[in-house]
Structures are given as structure tokens and as C-alpha cells.
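The values are calculated or read from the model by the stated rules, or taken from the named source; none is laboratory data. Remember, predicted model here, so these are calculated numbers, not experimental data. Note: ideal-geometry Cβ built from the backbone for every residue, glycine included; neighbour counts use all protein chains shown.
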Amino acid sequence: MVPIMADNDCRATLIEVATPLFAEKGFNGVSVREIAGLAGVNVSMISYYFGGKEGLYGAVLNEQFAVLQRVAKIAHTATDPLKKFELYVRDTVARYRRNPYLLRFYAGELTNPTPCFATIVKPAIQEVVKTLQEFFTDGLSHHQFREGLEPTDTALALAGMINFYFLLEPATGELVDHSPERDEELIRHIMDIFANGVLK
């Protein structure tokens with residue numbers, strides 16, 4: 001069947017419609033008929049553009065996790081390890097503001113992995129951890145972080161601190177202000193809490 005709307009428009013619409021559905025219901029909780037119905041296209045378009053539901057889900061994950069590539073670019077925008085640390089914190093907070101479904105995909109794939117975990121999610125996460133390892137190893141070599149600091153554990157602790165803050169937002173809304181207007185204060189607090197444990 002020949003697509004009615006332009007190729008790029010139809011493909012983009014399917015990804016746009018499928019993203020919140022997959023994020024909220026998981027891969028197994030969404031049907032191709034539901035996606036096609038909300039996108040206003042024939043269900044055969046999912047096979048036409050993506051080869052099926054798994055291909056569409058993979059395209060959604062690729063788009064979501066592509067934002068993590070920005071972390072590696074931080075290494076080329078600053079030379080001071082402490083500045084890289086700050087840029088990572090800022091970029092991560094901004095990332096979750098721009099991509100509200102990303103953490104849902106994180107949590108879903110970590111707790112109930114699909115075949116896309118090994119090919120898309122795991123490599124993306126590993127690249128972030130490796131980049132953070134390099135930041136902290138660099139800081140150790142410049143004597144900016146205390147001796148004995150283990151770069152991998154430190155990288156995971158930093159990433160976990162920020163991720164968990166946003167992941168718990170639905171459960172802690174009555175306890176803390178999660179509004180974007182508070183982001184600068186949040187960034188300062190994260191840096192203070194974390195850096196004071198690693199600075200000499």
C-alpha cells in the first residue's frame with residue numbers, strides 16, 4: 001500500500017504517537033492498532049516504515065537515548081574536570097526537562113528489558129558511565145578530587161543521584177518543589193552535596 005502522507009511526516013507521526021504510549025504502558029501494553037488509530041494511519045504503515053511493533057519501539061528508543069550522546073561532547077567543551085562535572089549536572093537536569101519520557105524508558109528497560117535493551121539502551125548507558133569515569137579519572141590526575149576515589153562507583157553515584165531525583169517526582173511532589181523554576185537551586189544543591197564529598 002502506498003502511504004497517503006509524506007514518508008517523513010508519517011514516520012515522525014508514528015514515533016510521536018508511540019512514544020508516550022510505550023513510555024506509559026510498556027512495550028507489551030501497546031498494540032499496533034492503538035498506535036495506528038491515534039496516528040490516523042492504516043495499521044500496515046507500522047510494518048511499512050518499521051517492520052513491525054518492535055522496529056517502531058526501537059526507533060522510539062533510538063530517538064530517546066540519542067540525547068545521551070551530548071554527554072560525550074562535554075569532554076570537548078571544557079578542560080577543567082570540575083567544569084565538566086558541572087556541565088554534566090546541568091545537561092542532565094535539562095535533559096529530563098526536555099525529554100519527560102526518558103526516565104520511564106530507563107526504568108522500564110532496566111526492570112523488564114526487551115530485545116532493544118542490549119542493542120540500544122545498554123550501550124547508551126555504558127557510554128555515559130565511561131565518559132563520567134574519564135571525568136573523574138582526569139580530576140584525580142589533576143589532584144582536584146580526593147585520593148582513593150573509585151571513578152566507576154563515583155560515576156554511578158552521581159548519575160544515580162540525579163536520575164533518582166527525577167524518577168521519584170510522582171511520589172515526592174508534596175515534599176519538594178519539582179518545578180523547572182527551581183532547577184538552578186537544584187543544580188547548586190546536587191553539586192554541593194556531591195562535590196563536597198570528593199573535593200580535597
Exercise for review: Select from region 178-200 the residues that are acidic (Asp, Glu) and over 14 Å from residue 97 (Cα atoms) and write down the one among them that is modelled with the lowest pLDDT.
Suggested key: 192
Review point. Could you give every pair whose Cβ atoms fall below 7 Å, whose first residue belongs to region 126-153 and is surrounded by fewer than 16 Cβ atoms within 10 Å (Cβ to Cβ), and whose second residue is among the aromatic types (Phe, Trp, Tyr) and in a helix (DSSP H, G or I), counting only separations of at least 6 or pairs across chains?
Key: 149/136
**Study point:** Residue count for region 90-125, restricted to those that are surrounded by 17 or more Cβ atoms within 10 Å (Cβ to Cβ), hydroxyl-bearing (Ser, Thr, Tyr) and either without any contact (Cβ under 8 Å) to a residue 60 or more places away in the chain or in a helix (DSSP H, G or I) (or both)
**Key:** 3
Review point. Out of region 70-89, which residues are without any contact (Cβ under 8 Å) to a residue 40 or more places away in the chain and in contact with a helix residue (DSSP H, G or I) (Cβ under 8 Å, 6 or more places away or on another chain)?
Key: 70, 77, 78, 87
Point to revise | Number of the condition not met by residue 19 [criteria: (1) touching an Asp or Glu at 6+ places or on another chain (Cβ under 9 Å); (2) outside any helix (DSSP H, G or I); (3) not aliphatic (A, V, I, L, M)] | key: (2)
Practice item. Give the residues of region 49-62 that are crowded, with 18+ Cβ neighbours inside 10 Å and free of Cβ contacts under 8 Å to residues at least 60 places away in the same chain, sorted by residue number. Key: 49, 50, 53, 56, 57, 59, 60
Review point. Inside region 41-88, counting only helices (runs of 4 or more DSSP H) that do not spill past its ends, which hold 1 or more residues that are outside the structural domain of residue 117 (by TED's automatic domain parsing)?
Key: 44-50, 53-65
**Study point:** Residue among 37, 58, 52 that is at pLDDT 95 or above and at positive phi
**Key:** 52
Review point. Could you say whether any residue in region 171-183 is under 13 Å from residue 92 (Cα atoms) and surrounded by 14 or more Cβ atoms within 10 Å (Cβ to Cβ)?
Key: yes
